[in-house]
Amino acid sequence: MPTQTYTLSKLQMYDECPQKYKLCYIDKVHIIEPPNNSSQKGNNLHNIINYSLKGMDVTKLLGALTAQEKLLWHNFKTSDIKNYKYVASEYSFNLKLDEYWLTGRIDALFEYDGNFIIIDWKTGEYFSPENVKFQTSFYLLCIYEILKAKNIIKTPEELSLHYVDLASNSVVKIKFDDFSYTQYKNQILTIINKINEGKSFFCNKTAKCKNCRYYRACPYL
Ligand code: SF4
């Protein structure tokens with residue numbers, strides 16, 4: 001069997017609902033969604049932050065921002081990030097975990113006081129770390145494996161993840177340690193094994209179903 005590649009969105013979808021994963025990736029049910037203004041706003045900000053971190057002049061781009069986007073930009077410019085040492089932004093990675101390939105991209109990586117910090121910008125109206133638990137596991141595990149393989153860090157404690165919520169101008173800091181490393185690795189490998197077994201994609205109806213884009217195609221509703 002060829003080596004398989006797993007993205008964050010693929011694994012996250014299975015973690016959220018195995019049936020949703022099946023409808024999307026196996027049955028390939030195609031759902032056309034209306035354009036989402038808030039995700040467009042997020043993309044604009046992410047792009048400008050990325051260009052700025054890479055040293056490009058973004059003055060002209062800033063002129064095209066809405067008043068709300070300008071506030072997010074202001075919160076970015078005045079955040080603690082200015083005290084950290086820039087390492088990379090929009091950093092794409094591939095790494096082998098056991099016999100599987102994991103692929104993804106983080107918003108940015110910084111160094112501070114000898115430790116490394118993954119930064120994830122949040123630009124939506126409401127952010128809760130509870131809603132991104134799988135993303136947290138995936139980013140910390142993958143970036144740790146990459147930095148450790150390059151001898152840049154030795155222990156999980158040297159890495160953390162900061163969710164920088166530009167809308168509320170606040171930061172959620174997630175620490176990492178040996179226990180989390182084992183837990184996250186097991187969690188990701190368990191999901192991959194379940195996907196590969198392909199035996200059951202059952203999912204109980206939850207409160208999230210009403211916002212699921214596969215609602216009309218779901219056999220469990
Ligand atoms: S409607 Fe609910 S059970 Fe069905 S695919 Fe979506 S999240 Fe899963």
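Results for (1) among the aliphatic types (A, V, I, L, M); (2) within 16 Å of the ligand (Cβ to nearest atom), shown as yes or no for each residue.
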| position | (1), (2) |
| --- | --- |
| Cys17 | no, yes |
| Asn43 | no, no |
| Leu65 | yes, no |
| Val87 | yes, no |
| Phe93 | no, no |
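Mind checking which residues of the range 128-148 are without any contact (Cβ under 8 Å) to a residue 12 or more places away in the chain and part of a helix (DSSP H, G or I)? Give the steps one after another, and end with the answer.
Residues of the range 128-148 without any contact (Cβ under 8 Å) to a residue 12 or more places away in the chain: 128, 130-131, 133, 148.
Passing the criteria: Glu130, Asn131, Lys133, Lys148.
Filter the range 173-216 down to residues that are in a helix (DSSP H, G or I) and among the basic types (Lys, Arg) and give me whichever is nearest to the ligand (Cβ to nearest atom). Please lay out each step first, then the result.
We begin by selecting, within the range 173-216, every residue in a helix (DSSP H, G or I); these are 178-197, 207-211, 215-216.
Next cut, among the basic types (Lys, Arg) only: 185, 194, 208, 210, 216.
Values: Lys185: 26, Lys194: 15, Lys208: 5, Lys210: 8, Arg216: 9 Å.
The residue in question is Lys208.
Identify, from the list Ile117, Ile81, the residue that is surrounded by 14 or more Cβ atoms within 10 Å (Cβ to Cβ), over 11 Å from the mean Cα position of the chain (by Cα) and part of a helix (DSSP H, G or I).
Values: Ile117 fails: part of a helix (DSSP H, G or I).
Residue meeting the stated conditions: Ile81.
Quick one: what pairs do we get from the range 196-221, first residue among the hydrophobic types (A, V, I, L, M, F, W, C), second more than 8 Å from the ligand (Cβ to nearest atom) and part of a loop (DSSP other than H, G, I, E, B), C-beta under 7 Å, 6+ apart or different chains?
Cβ pairs passing all conditions: Ala217/Val29.
Which condition breaks for Asn151 when tested against (1) surrounded by 13 or more Cβ atoms within 10 Å (Cβ to Cβ); (2) more than 16 Å from the ligand (Cβ to nearest atom)?
Tallying (1) surrounded by 13 or more Cβ atoms within 10 Å (Cβ to Cβ); (2) more than 16 Å from the ligand (Cβ to nearest atom), Asn151 fails exactly one: (1).
Please verify whether Ile143 is surrounded by 15 or more Cβ atoms within 10 Å (Cβ to Cβ), under 29 Å from Lys41 (Cβ atoms) and in contact with a helix residue (DSSP H, G or I) (Cβ under 7 Å, 6 or more places away or on another chain), treating the condition exactly as stated.
Numbers: surrounded by 15 or more Cβ atoms within 10 Å (Cβ to Cβ): yes; under 29 Å from Lys41 (Cβ atoms): yes; in contact with a helix residue (DSSP H, G or I) (Cβ under 7 Å, 6 or more places away or on another chain): no.
No; evaluated as a whole, the condition is false for this residue.
Values quoted throughout were computed directly from the atomic coordinates according to the rules given, and no laboratory measurement underlies them. Being a predicted model, the structure only gives us computed values, none of them experimental. All Cβ positions, glycine included, derive from the backbone under ideal geometry; neighbour counts span all protein chains shown.
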